[in-house]
Amino acid sequence: MSNLLHRNTNRCQLIKDVSKQFWEDIISFHSTGQNSSEIYYTKKLVSTILGHATSLNYSIFAKEPGMEKRWGSDIDIYIERGVNDFLLYAFQAKLLKTGQEYSDLDRNKNGIYQYQKLVNYGVYKQCYVYYLFYNGVLNYTHSGNNKCNTAFDEDQFGLSYVEIDDIQTVIPHKINWTFNHFHPNLASPLSQLVCCKNSRRNNIKSYDYEEIIKELEDYEIINQENVEAFFGKAIDLNSQQTTDQIDKIESERKSDVVIVIRNTKSTY
């Protein structure tokens, strides 16, 4: 049985293109000593997908976050393996900063690590849980193969993901966490999830489309007309949040952005 999912489709190519764009963009920022933010790249990811959403069977939903959580953005991605058979991938997004470092991987609130909430979410939703890294490293080179034996170069690490177990293993033994701690041995390109089939683990649930839509009733569907207003509002409110409000937001995981990727045969 083929291990390809969307490899020869524009859905697969789109994520590859975004990964390359992020890789080059972050290198450009770092070359002038500047950092951006997770919400900036989450916005770029959403905006780029929206330009192709209808033709590529992508849908994007968002819950008004009020502010960036300052130490990460939460993203859920449902990917359809077969007709009306979706797997859920939950991500905590982190940006590579100057010095090739990630900050706040050990973020702890009231004795609970940020990644522990993601782990709990994975158990509750019966889904895959990962850290999603936005990367770009000057003069770094790599050639590898993904799970469907397709070659990729270093720029596909512009969007990379790492198993939560590997995050938990690395965090207690490092003071600073760099790109090289995870890449290439522990990280995979995000495009792999869209381009290749992923064998379902025993504890991973199959979601159908009606169930997904029902769970997203309190979300707003995002389109090209309202994306700027949505993210603009999030940024405008950033300076108005009190510490108590921030703590309340951080008390439980609620993804800011949900991306639903359907396959070619799906028309619902």
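The values are calculated or read from the model by the stated rules, or taken from the named source; none is laboratory data. Note that this is a predicted model, so its numbers are computed, not measured. Cβ atoms come from the backbone with ideal geometry, glycine included; neighbour counts cover every protein chain shown. Ligands, DNA and RNA are stripped out before the accessible areas are found, and what is left, the full protein with its side chains, is counted by its heavy atoms. Shrake-Rupley method; radii C 1.70, N 1.55, O 1.52, S 1.80 Å.
In the stretch 165-184, which residues are over 19 Å from the mean Cα position of the chain (by Cα) and polar (S, T, N, Q)?
Listed by number, the residues that qualify are T169, N176, N180.
Here is a list of conditions, (1) of a type outside the set (V, I, T); (2) closer than 15 Å to R253 by Cβ; (3) surrounded by 23 or more Cβ atoms within 10 Å (Cβ to Cβ), and G136 meets all of them except one; can you say which number that is?
It is condition (2) that G136 fails.
Take the stretch 116-142 and flag every residue that is within 16 Å of S19 (Cα to Cα) and out of contact with any helix residue (DSSP H, G or I) (no Cβ under 8 Å at 6 or more places or on another chain).
The answer is L132, and nothing else.
Looking only at residues in the stretch 82-122 that are part of a strand (DSSP E or B), among the small types (G, A, S) and more than 17 Å from G158 (Cβ to Cβ), which one is modelled with the highest pLDDT?
Ranking the qualifying residues of the stretch 82-122, first place goes to A90.
Please determine, by comparing only the residues of the stretch 22-75 that are part of a loop (DSSP other than H, G, I, E, B) and modelled with pLDDT of 90 or more, which one is nearest to the chain's Cα centre (by Cα).
S36
Check off (1) in a helix (DSSP H, G or I); (2) open to solvent by less than 60 Å² (accessible area, probe 1.4 Å); (3) farther than 25 Å from R81 by Cβ for P184 and give me the number that stays unchecked.
Here P184 meets the rest and fails (1).
For I175, all conditions in the list (1) open to solvent by 40 Å² or more (accessible area, probe 1.4 Å); (2) among the aliphatic types (A, V, I, L, M); (3) at pLDDT 95 or above hold save one; what is the number of the exception?
The one condition I175 does not meet is (3).
If the Cβ limit is 7 Å and pairs must be 6+ apart or interchain, which residue in the stretch 181-200 that is over 10 Å from Y161 (Cβ atoms) and in contact (Cβ under 8 Å) with a residue 12 or more places away in the chain pairs with which residue that is assigned to a strand (DSSP E or B) and open to solvent by 20 Å² or more (accessible area, probe 1.4 Å)?
Close Cβ pairs (under 7 Å, with a partner that is assigned to a strand (DSSP E or B) and open to solvent by 20 Å² or more (accessible area, probe 1.4 Å)) amount to C196/L4; K197/L4; K197/R81.
Return the residues of the stretch 151-165 that are outside any strand (DSSP E or B), open to solvent by 20 Å² or more (accessible area, probe 1.4 Å) and out of contact with any His (no Cβ under 7 Å at 6 or more places or on another chain); say none if nothing qualifies.
Correct list: D155, D165.
May I ask you to list the residues in the stretch 68-117 that are of a type in the set (S, T, Y) and surrounded by fewer than 18 Cβ atoms within 10 Å (Cβ to Cβ)?
Result: T98, S103, Y113.
Of everything in the stretch 187-220, what is assigned to a strand (DSSP E or B), modelled with pLDDT of 95 or more and either touching a helix residue (DSSP H, G or I) at 6+ places or on another chain (Cβ under 8 Å) or over 23 Å from Y124 (Cβ atoms) (or both)? Give them in sequence order. It would help to see each step written out before you state the result.
Kept after step one, since they are assigned to a strand (DSSP E or B), are these residues of the stretch 187-220: 187-189, 196, 207, 220.
If we keep only those that are modelled with pLDDT of 95 or more as well, we get 187-189, 207.
Scanning the stretch 187-220 gives A187, S188, P189.
Give me the pairs, please: first residue somewhere in the stretch 155-178 and in contact (Cβ under 8 Å) with a residue 60 or more places away in the chain and of a type in the set (F, W, Y), second residue anywhere and assigned to a helix (DSSP H, G or I) and buried (at least 21 other Cβ atoms within 10 Å of the Cβ), beta-carbon distance under 7 Å, and either six or more positions apart or on two chains.
F157/W23
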